[in-house]
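The values are calculated or read from the model by the stated rules, or taken from the named source; none is laboratory data. Here the structure is a predicted model, which is why all the values come from computation and not from measurement. Counting neighbours? That spans all protein chains shown, and the Cβs are built from the backbone with ideal geometry, glycine included.
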């Protein structure tokens, strides 16, 4: 039996995106497009765009947030490093913790991998506390994902409680622009 090449080994990962500077929607679209055009990554599903109040450092504009599901042959650390590269290309500056940003990309989940090292912690350590992550993640999480019920219940609770001022801002289908069916 032949061994699978690295490109044949594909994993599903979930990435949160946020922006609160400049043309927020366009920056999110560019980030998704830049990830999708890289070898070893295919964007499978997009959440809606949600406008959210800032968390932590609150003296800043509202964010647009979303989550994407990707299929990738990259390792978790390779995917994280690519996300950091895309942030840099799109003008991300890290001055204030939780401060304003052109773009923010966070790797939330990568298959069922758990890891905790100085570069990456999976699952994302604060994702279950944040409506701006839970609600869009609930939009794109695979139906057969074992975390589905937990994420769904936490997202419903966050919406019910009015946590973090999250509102559906717009539904999108950028995958058609990128030449995908958007399944």
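Among (1) within 15 Å of the chain's Cα centre (by Cα); (2) surrounded by fewer than 21 Cβ atoms within 10 Å (Cβ to Cβ), there is one condition residue 38 misses while meeting the rest; what is its number?
(1)
To keep it simple, each residue is scored yes or no on (1) part of a loop (DSSP other than H, G, I, E, B); (2) more than 12 Å from the chain's Cα centre (by Cα); (3) in contact (Cβ under 8 Å) with a residue 60 or more places away in the chain; (4) under 14 Å from residue 103 (Cα atoms).
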position: 33; (1), (2), (3), (4): no, yes, yes, yes
position: 43; (1), (2), (3), (4): no, no, yes, no
position: 54; (1), (2), (3), (4): yes, yes, no, yes
position: 71; (1), (2), (3), (4): no, yes, yes, no
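Given the criteria surrounded by fewer than 19 Cβ atoms within 10 Å (Cβ to Cβ) and at negative phi, does residue 168 qualify?
Here the answer is yes, as residue 168 does meet what is asked.
Would you point out which residue out of 101, 130 is under 15 Å from residue 63 (Cβ atoms), surrounded by 14 or more Cβ atoms within 10 Å (Cβ to Cβ) and within 14 Å of the chain's Cα centre (by Cα)?
Going through 101, 130 in turn, just one is under 15 Å from residue 63 (Cβ atoms), surrounded by 14 or more Cβ atoms within 10 Å (Cβ to Cβ) and within 14 Å of the chain's Cα centre (by Cα): 130.
What's the total number of residues in the range 51-72 that are surrounded by 23 or more Cβ atoms within 10 Å (Cβ to Cβ) and within 16 Å of residue 22 (Cα to Cα)?
Total meeting the criteria: 3.
Using the structure shown, decide if residue 142 is more than 12 Å from residue 80 (Cβ to Cβ) and surrounded by fewer than 17 Cβ atoms within 10 Å (Cβ to Cβ).
Yes, satisfied.
Does the range 126-137 hold any residues that are free of Cβ contacts under 8 Å to residues at least 40 places away in the same chain and outside any helix (DSSP H, G or I), and which are they? Even if it seems obvious, please write down each step before you answer.
Residues of the range 126-137 that are free of Cβ contacts under 8 Å to residues at least 40 places away in the same chain, as a first pass: 126, 128-129, 134.
Once the filter is applied, which keeps residues that are free of Cβ contacts under 8 Å to residues at least 40 places away in the same chain and outside any helix (DSSP H, G or I), the range 126-137 yields only 126.
Take the range 73-86 and flag every residue that is within 23 Å of residue 21 (Cβ to Cβ) and either in contact (Cβ under 8 Å) with a residue 24 or more places away in the chain or assigned to a loop (DSSP other than H, G, I, E, B) (or both).
80, 82, 83, 86
Quick grid of which residues meet (1) within 20 Å of residue 43 (Cα to Cα); (2) assigned to a loop (DSSP other than H, G, I, E, B); (3) at pLDDT 80 or above:
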{"site": "124", "(1), (2), (3)": "yes, yes, yes"}
{"site": "139", "(1), (2), (3)": "yes, no, yes"}
{"site": "145", "(1), (2), (3)": "yes, yes, yes"}
{"site": "149", "(1), (2), (3)": "no, no, yes"}
{"site": "152", "(1), (2), (3)": "no, no, yes"}
{"site": "164", "(1), (2), (3)": "no, no, no"}
{"site": "172", "(1), (2), (3)": "yes, yes, yes"}
{"site": "175", "(1), (2), (3)": "yes, no, no"}
{"site": "181", "(1), (2), (3)": "yes, yes, no"}
